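The block underneath contains the structure these notes are about, expressed in structure tokens.
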Amino acid sequence: MTDILTQLEQVLAERKQADPGSSYVASLYHKGLNKILEKVGEEAVETILAARDTEVSGDPAKLISETADLWFHTLVMLTRLDISSKTVLEELERRFGLSGIEEKQSRTRGE
């Protein structure tokens, strides 16, 4: 699973130097962080709406597509900020096995 993340991250990093007219991602980088954050927010809302529709229809296709868009734009954001998806995966791994209550309390205490 991390292979596709690694490959995608490499392409996203390359797009930082690309001509904005040649690539959608390069155009997002060129427009700046606020535009990227707008896209993450937009995709988050679309994912939420698709989840509600999936519950009613029972068809997850739209939710899967919107979740892929959300993850993609989140990776664009992370790459723009020079944060590796590996770091996020390590954080998820660190949390694995902790109860949600325990994990939230550790953040509240600043640990």
Item to check | Residue, most open to solvent (accessible area, probe 1.4 Å), within the range 6-41, restricted to residues that are not aliphatic (A, V, I, L, M) and not in a helix (DSSP H, G or I) | outcome: Q17
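For the range 81-103, does any single residue satisfy the condition of being in contact with a Phe, Trp or Tyr (Cβ under 8 Å, 6 or more places away or on another chain), free of Cβ contacts under 8 Å to residues at least 40 places away in the same chain, outside any helix (DSSP H, G or I) and open to solvent by less than 70 Å² (accessible area, probe 1.4 Å)? If you could, list the steps in order and put the result at the bottom.
As a first pass, look at the range 81-103 and keep what is in contact with a Phe, Trp or Tyr (Cβ under 8 Å, 6 or more places away or on another chain): none.
Taking every residue of the range 81-103 in turn, none turns out to be in contact with a Phe, Trp or Tyr (Cβ under 8 Å, 6 or more places away or on another chain), free of Cβ contacts under 8 Å to residues at least 40 places away in the same chain, outside any helix (DSSP H, G or I) and open to solvent by less than 70 Å² (accessible area, probe 1.4 Å).
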Checklist entry - Somewhere in the range 56-75, is a residue closer than 23 Å to E14 by Cα and open to solvent by less than 30 Å² (accessible area, probe 1.4 Å)? => result yes
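May I ask you to list the residues in the range 36-60 that are among the aliphatic types (A, V, I, L, M) and without any contact (Cβ under 8 Å) to a residue 40 or more places away in the chain? Reasoning before the result, please.
Step one: list which residues in the range 36-60 are among the aliphatic types (A, V, I, L, M), which gives 36-37, 40, 44-45, 48-51, 56.
V40, A44, V45, I48, L49, A50, A51, V56, listed by residue number.
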Checklist entry - Do we have any residue at all in the range 95-108 that's at pLDDT 90 or above and hydroxyl-bearing (S, T, Y)? => result no
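Say whether the condition of being touching a Leu at 6+ places or on another chain (Cβ under 7 Å) and free of Cβ contacts under 8 Å to residues at least 40 places away in the same chain is met by at least one residue in the range 18-35. Talk me through it step by step, then tell me what you get.
Step one: of the range 18-35, the residues touching a Leu at 6+ places or on another chain (Cβ under 7 Å) are 25, 35.
Now drop any that are not free of Cβ contacts under 8 Å to residues at least 40 places away in the same chain, which leaves 35.
For the range 18-35, residues touching a Leu at 6+ places or on another chain (Cβ under 7 Å) and free of Cβ contacts under 8 Å to residues at least 40 places away in the same chain: present.
The values are calculated or read from the model by the stated rules, or taken from the named source; none is laboratory data. Just so it is clear, the model here is predicted, and its values are computed rather than measured. Here the Cβ is made from the backbone with ideal geometry for all residues, glycine too, and neighbour counts use every protein chain on show. Each accessible area value is taken on the protein alone, full model and side chains, heavy atoms only, with ligands, DNA and RNA left out. Shrake-Rupley method; radii C 1.70, N 1.55, O 1.52, S 1.80 Å.
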